Every structure is written in structure tokens, then in C-alpha cells.
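A short worksheet on the structure shown next.
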Amino acid sequence: MFKKTLTFFGLFIFAGFILFLPSLAFAETTSTVVVAELDSDSDGFNDTWEIKNGYSPFNPEPIKIEKSDIDKDGLSDYFEIKFRTDPFNADTDQDGHSDFKEIDNGFNPLSNTTTKLSQKIEIKLSSQKLVYYVDGQKWREFTVSTGKASMPTPTGDFKVTNKNKKAWSKSYGLWMPFWLGLDRGRIGIHELPVWPSGYREGENHLGKPVSHGCIRLGVGSAQYLFDRTSVGAQVSIIK
Ligand SMILES: [Ca+2]
Ligand SMILES: [Ca+2]
Ligand SMILES: [Ca+2]
């Protein structure tokens, strides 16, 4: 009797296992297909491979991910992934403003309210570059001119304390358009200076440390940064 019960019990387990087996195999197969073989642009290369090798998984053409913009909204497929926006929809949150325009103006492209993304400015003295970060992503880079050897630009973390579209320097007798003043050190970020005669310092000074300590930007870049930077914004100056 005991043996018979055991056999029946054994059969029951066996039958259950047999019934369960196909679903297990199916689950294994489907999950493998979804994870490893997703080929969004149907070009024969899976998404994982494409991203790993610097190609856009959304563009069947062999174009690098930073150069591809499949929905033509100005935001590359690279940034679409970074900002988690829809690469096939120019206006992910459907608020009437394209993903690119929103990010470029510091707004969250995933929210149709006016939520802002974090912004940060970093100045690298050794390479004479200013990097503008949006939501932790390196968004724009500009060539600058910082302080000459006898009047070096101080390093450290600063905050923007004031803004002035056309600041006047009493000490040097020149205009400093699109001024963003920084705390401590009495310096600022501004456009190439203009003398009262109307003469403007040449763009060829950008990339060379020739200023009196300020961070000089080119025409266009200075206004770009001025328009997007609020009082209180973080600025870090490194060697
Ligand atoms: Ca592909
Ligand atoms: Ca795009
Ligand atoms: Ca939008």
C-alpha cells in the first residue's frame, strides 16, 4: 500500500513537471529573444551591439550615434537615450516644444510643466574651455580666454551673484557685455570686451589666457550662456 501510494505520488510529481516544462522552456526562449535580439531599426545588428560600437540602434544607416537624429528634432539619438526621450517623437511630452528646444533652454522634455533641469558651468584653465552641463550631460563647450600669468583666474567653486547685459569696468575703461558676476575674486564671465571707441578684442584671443582674471567668451556664446544662467547658478573653475 505504502509503495503504491509512493508510486502514485511520484507519478503526480512527474506529470506536474512534464506539464510545467514547456512553459519554462517558452519563458526562457521569449526572454532570450527580447533581451539579446532587439533590433529596433531592423538592420541586422542588435541594439546592444550597436550602442556598444557607437552606432544608433534607431537608424538603419551606419551612422555614429552622436550624428544620427532619426526624428529630426535637433537632439541626436545619443542624447535621446541619455535624456530618456522618445527617439521617434520630436516632442516627447506633447507640450508643443521639441525635445531639443526644451533641453537647450533647461526645461525637462519629459514633463509638460515648466520643470527645470539642473545646469552647471565648468571652466578648465589648462584647456581654455568652458563646459555647460544640463542634467549632468555635457551639452555645450566653448573656447574661452582666462587670466594671464600675472593676473590668474582663481580656481574653486563659485556662484553667479549678478547679471548685467552691458557691464562697465571702471578699472580698465571697457565694456563687458553679457556679464555674469562670480562671488569672491571680483571676476566674471563675459563677452570679448569692447573699448569706448567701439573696438572689440579679437576672437583670436580665445584659447589664450590673456584676460585680467575674467573668463572671456566669444560673440554669440556669451549671450547663449547669459540667457540660460540664473543668479545662484554653480560655476566651478579647475586647473
Ligand atoms: Ca539595429
Ligand atoms: Ca532626435
Ligand atoms: Ca516637449
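At a glance:
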{"item": "Odd one out for PHE88 among (1) open to solvent by 70 Å² or more (accessible area, probe 1.4 Å); (2) modelled with pLDDT under 95", "result": "(2)"}
{"item": "When residues of the range 53-75 are limited to those that are in contact with a strand residue (DSSP E or B) (Cβ under 9 Å, 6 or more places away or on another chain) and within 19 Å of GLN137 (Cβ to Cβ), the one most open to solvent (accessible area, probe 1.4 Å)", "result": "LYS64"}
{"item": "Pick from the range 212-239, criterion of a type in the set (Ser, Thr, Tyr) and surrounded by 17 or more Cβ atoms within 10 Å (Cβ to Cβ), ranking: nearest to PHE107 (Cα to Cα)", "result": "THR229"}
{"item": "Test: residue in the range 130-140 that is away from ligand 2 (no atom under 15 Å from the Cβ), of a type in the set (Phe, Trp, Tyr), open to solvent by 40 Å² or more (accessible area, probe 1.4 Å) and not assigned by TED's automatic domain parsing to the domain that holds HIS205", "result": "no"}
{"item": "Residue among THR85, THR113 that is within 16 Å of ligand 3 (Cβ to nearest atom), farther than 23 Å from PHE226 by Cβ and in contact with a Ser or Thr (Cβ under 6 Å, 6 or more places away or on another chain)", "result": "THR85"}
{"item": "Criterion violated by LYS170 - all others in (1) under 26 Å from the mean Cα position of the chain (by Cα); (2) open to solvent by 70 Å² or more (accessible area, probe 1.4 Å); (3) farther than 18 Å from SER230 by Cα satisfied", "result": "(1)"}
{"item": "Residue in the range 204-211 that is open to solvent by less than 10 Å² (accessible area, probe 1.4 Å) and in contact (Cβ under 8 Å) with a residue 12 or more places away in the chain present", "result": "yes"}
{"item": "Pair list, Cβ under 7 Å, 6 or more apart: the range 163-187 residue under 19 Å from ARG200 (Cβ atoms), other residue of a type in the set (Phe, Trp, Tyr) and assigned to a loop (DSSP other than H, G, I, E, B)", "result": "LEU174/TRP195"}
{"item": "Qualifying residues in the range 106-117 (those that are open to solvent by 60 Å² or more (accessible area, probe 1.4 Å) and modelled with pLDDT of 95 or more) - the one farthest from ASP93 (Cα to Cα)", "result": "PHE107"}
{"item": "Of all residues making up the range 49-59, the number that are β-branched (Val, Ile, Thr) and either in a loop (DSSP other than H, G, I, E, B) or closer than 21 Å to SER111 by Cβ (or both)", "result": "0"}
{"item": "Positions within the range 87-125 being of a type in the set (Ser, Thr, Tyr) and either within 16 Å of the chain's Cα centre (by Cα) or within 16 Å of ligand 2 (Cβ to nearest atom) (or both), in sequence order", "result": "THR92, SER98, SER118"}
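Yes/no per residue for (1) hydroxyl-bearing (Ser, Thr, Tyr); (2) touching a residue at least 40 places away in the same chain (Cβ under 8 Å); (3) outside any loop (DSSP other than H, G, I, E, B):
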residue: GLU61; (1), (2), (3): no, no, no
residue: GLU66; (1), (2), (3): no, no, no
residue: GLY74; (1), (2), (3): no, no, no
residue: ASP86; (1), (2), (3): no, no, no
residue: HIS97; (1), (2), (3): no, no, no
residue: PHE100; (1), (2), (3): no, no, yes
residue: SER111; (1), (2), (3): yes, no, no
residue: THR114; (1), (2), (3): yes, no, no
residue: ILE123; (1), (2), (3): no, yes, yes
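The values are calculated or read from the model by the stated rules, or taken from the named source; none is laboratory data. Owing to the predicted nature of the structure, the values given are computational and were not obtained by experimental measurement. In this analysis, Cβ positions are derived from the backbone assuming ideal geometry, glycine residues included, and neighbour counts consider all displayed protein chains. Please note that ligands, DNA and RNA were not included when accessible areas were found on the heavy atoms of the full protein model with its side chains. Shrake-Rupley method; radii C 1.70, N 1.55, O 1.52, S 1.80 Å.
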